[in-house]
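The values are calculated or read from the model by the stated rules, or taken from the named source; none is laboratory data. Since the structure is predicted, the reported quantities are computational estimates derived from the model, not experimental observations. Reconstructed Cβ throughout: ideal geometry from the backbone, glycine too, with neighbour counts over all protein chains shown.
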């Protein structure tokens with residue numbers, strides 16, 4: 001599986017689980033989803049940092065390398081979404097759902 005596909009699957013799984021809950025049980029699952037977001041983002045950042053540069057052997061090659069790639073941006077977005085989800089989950093009061 002390609003690295004970008006792995007990050008996309010992790011992001012979808014975490015976002016579908018919800019970022020914050022309204023009662024004790026849903027908050028536990030929201031923390032799991034937020035943790036997946038943070039770990040997936042960290043993995044994306046690590047993949048971007050550790051990615052090998054392609055060797056250019058022809059004429060007209062430039063040595064320009066962007067300071068950060070698309071995986072870095074996606075990783076930062078995932079980590080920030082996870083951290084915001086944790087903060088919202090912690091500060092949100094529990095709603096009693098029993099009758």
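Observations, loosely collected:
- Scanning the range 69-99 for residues that are without any contact (Cβ under 8 Å) to a residue 40 or more places away in the chain and farther than 16 Å from residue 46 by Cβ gives 80, 87, 90, 91, 93, 98, 99.
- Residues in the range 17-47 that are at pLDDT below 85, farther than 11 Å from residue 89 by Cβ and touching a helix residue (DSSP H, G or I) at 6+ places or on another chain (Cβ under 8 Å): 1 in all.
- Close pairs from the range 24-51: first in contact (Cβ under 8 Å) with a residue 24 or more places away in the chain, partner loosely packed, with under 15 Cβ neighbours inside 10 Å and not in a helix (DSSP H, G or I), Cβ under 9 Å, at least 6 apart: 24/94; 27/92; 27/94; 48/68
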